Amino acid sequence: MPPLPLRVDYDAKKTRAAARQTKDGPQARRLLAVAAIYDGATRSEAAVIGGVTLQIVRDWVEKFNTHGRMG
């Protein structure tokens, strides 16, 4: 199964800016992992950044696509 594409109204710069603005540590970690994917990192690399499994990264991408930074 190919990886889920990321939404097109965000990019790495906007996602990192959102990570800097949040006071929620886990949310910042999720956003930084997604920003890495925007920059061309593999989902495996994003999982390492987030300290989670590939399935969790997929869940994060799915929620990010649906709800934006609040996902």
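Each value in this text was obtained by applying a stated rule to the coordinates, not by laboratory testing. The shown structure was predicted, so the numbers you read here are calculated from the model rather than taken from an experiment. Reconstructed Cβ throughout: ideal geometry from the backbone, glycine too, with neighbour counts over all protein chains shown.
A few comments on the model shown:
- For the chain, relative contact order (Cα pairs under 8 Å, six or more residues apart, normalised by length) works out to 30 percent.
- Out of every Cα-Cα pair that region 1-55 contains, those further apart than 18 angstrom amount to 28 percent.
- A dipole drawn for the chain from +1 and -1 charges on Cβ atoms has a positive end, and of Pro3, Gln21, Gly71 the residue lying farthest that way is Gln21.
- Note on the chain: helix-only mean residue ellipticity at 222 nm, from DSSP H runs of 4+ residues weighted -39500 (n - 2.57) and normalised by residue number, equals -20000 deg cm²/dmol.
- Packing rank of 22-29, 40-47, where each peptide gets the mean count of other beta carbons within 10 Å, highest leading: 40-47, 22-29
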